[in-house]
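Structure record follows, encoded as structure tokens.
The values are calculated or read from the model by the stated rules, or taken from the named source; none is laboratory data. All values reported here derive from a predicted model rather than from experimental measurement. For the accessible areas, the whole protein counts, side chains as well, though only heavy atoms, and no ligand, DNA or RNA atoms are used. Shrake-Rupley method; radii C 1.70, N 1.55, O 1.52, S 1.80 Å.
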Amino acid sequence: MKTKPSAFLTFIGAAALAGTVLLASAPATVRAASENAGRNQPSADQPFAMASVATFEYPWAIAFLPDGRLLVTEKPGKLFIATQKGEKKEVAGMPKVYYSGQNGLLDVAVSPAFVRDRSIYFTFVEPQRGGGALALARAQLRESGGMASLSGLDIIWRQNPASKGGQPGGVIAFSPDGQHLFLTVGDRQQPQTAQDPDLARGKVLRLNLDGSTPKDNPMAGQGGVKAQTWTTGHRNPYGLAFAPDGRLWLDEMGPRGGDELNLIQPGRNYGWPIVSNGDNYNGTPIPRHSTRPEFQAPVVYWTPVIAPAGLAFYEGSMFPAWRGSAFIGGLVEQGLVRIAFDGKGGAKEAERWALGHRIRDVAVASDGAVWLIEDEAQGRLLRLTPR
Ligand SMILES: [Ca+2]
């Protein structure tokens, strides 16, 4: 979880209660014109000072505990607790991960009821015959005598089948009321699977906190993956976060061009691989979103790509001008992108800053500092404060 849950569940619950919505045929209530932000240039002015706090081996995700320390995952499989001064403590009891390319230990999120249940959630690609399958785990974080460990580890959701393919997705977000968990699942580099309603590929799933299936999902009555599906037609979603107004936003990587920022609405189909604002890596074209209005178009897209990763909304006090904005870490772009929202389902890239490193994840501390992690063998944990 990248931002604190806000107090109110707004349209998400209302939309879910509105009844069954057929994938791909739902009328679009929000039809913001897609804007290509791909040719925007980094701002020369960086209004922040950047301090390196610690380094990690291919860190993937950061999440704040209520006491201000951070959980940090490393893709090869380790989980750490880090203080804001850079002291690191490895958490024992992690499961084995299938570490290969984009696969490994992925996201980590703190239970909305952490103070009471001490639970954390994390995603990883679990070793299985034929490669690995995305898995969602819940466990209690225990600390005593200077040691940290997991207890009661429970894998509450598993992808089937396994694959050697990358593009796992694996990002976790909690609904603002803390009652549901949203999980992104990538296409594992098998594009057609994103449109198969019976495969947990290319989807956003909505689950109860114990991994069971909510009865008010759009296809709850249909069982299996369908019952868990909130949206479909995604490629490789690496960013998922609720805005302060309760809207859910997702970023996903396109192929050659066509990275997307999507407003997530239940039951919708986001088109991959039938439509994209990018083309295949071999140069063969893919029909554009504009040719198939039954698929939900991105609000912002990037051609050429930035390779968007972690997404976090800003509500802090250190940078008042950024309140209500979101940040996206850029891997190919090697920097940070700020998105501004119009409060009506529209969004624009407001500015970006070149940092010279692949930015994997973003989180906001309770004091309003912005924290970043780099996707590198010795990736830095960075703290941004006003210059
Ligand atoms: Ca799309």
- Expected max-MSF residue from 40, 282, 262 in the GNM of the chain (alpha carbon, under 10 Å) is 282
- Task: Find how much the distance from residue 113 to residue 41 grows on full extension, using 0.36 nm per residue of separation minus their present alpha carbon separation; answer in nm with one decimal.
- Result: 21.8 nm
- Item | Cα gyration tensor of the range 143-275 - equivalent ellipsoid semi-axes, whole Å, descending | 24, 18, 17
- Query: Over what distance in Å are the Cα centres of the range 200-259 and the range 55-126 separated?
  - Reply: 22
- Message: If amide hydrogens are placed 1.01 Å from N in the peptide plane, which non-local residues have theirs closer than 5 Å to the one on residue 157?
- Response: 136
- Item | Theoretical gain in end-to-end length, residue 291 to residue 340 [0.36 nm per residue, Cα-Cα removed] | 15.0 nm
- Item | Mean ellipticity per residue at 222 nm, deg cm²/dmol - from DSSP H runs of n ≥ 4 across the chain, formula -39500 (n - 2.57) | -1000 deg cm²/dmol
- In sequence order, what are the phi-derived ³J(HN,Hα) couplings for the range 258-267 according to the Karplus relation 6.51 cos²θ - 1.76 cosθ + 1.60 with θ = phi - 60°, rounded to whole Hz, with x for glycine and proline? x, 4, 10, 10, 10, 8, 8, 10, x, x
- Mean-square fluctuation maximum in Gaussian network of the chain, Cα pairs under 10 Å, restricted to 252, 260, 87, hits 87
- Message: Give me, ordered by chain and number, the residues 5 or more places off residue 277 or on other chains with an amide H under 5 Å from its own placed amide H.
- Response: 289
- Note on the structure: Per-residue accessible area, 1.4 Å probe, largest first, puts 348, 164 in the order 164, 348
- Query: Long-range amide H contacts for residue 54: which residues qualify at under 5 Å (H placed 1.01 Å from N, peptide plane, sequence gap of 5 or more or a different chain)?
  - Reply: 381
- Task: Using only alpha carbon pairs under 8 Å that are at least six residues apart, calculate the relative contact order of the range 214-295 and give it in whole percent.
- Result: 23
- Message: I need the shape label for the range 200-342. Rule: rounded when a/c is under 1.5, else prolate if a/b > b/c, else oblate, with a, b, c from the alpha carbon gyration tensor.
- Response: oblate
- Task: For the range 330-387, state the semi-axes of the equivalent ellipsoid (square roots of 5 times the eigenvalues of the alpha-carbon gyration tensor), sorted largest first and rounded to whole angstrom.
- Result: 22, 15, 10
- Query: Where is the GNM fluctuation largest for the chain (alpha-carbon springs, 10 angstrom cutoff): 77, 329, 146?
  - Reply: 146
- Considering Cα pairs under 8 angstrom that are at least six residues apart, work out the relative contact order of the chain and quote it in whole percent. 19
- Computed over the range 245-387, protein heavy atoms only, probe 1.4 angstrom, the accessible area per residue in square angstrom equals 32
- Provide the convex hull volume over Cα atoms per residue for the chain, in Å³. 125
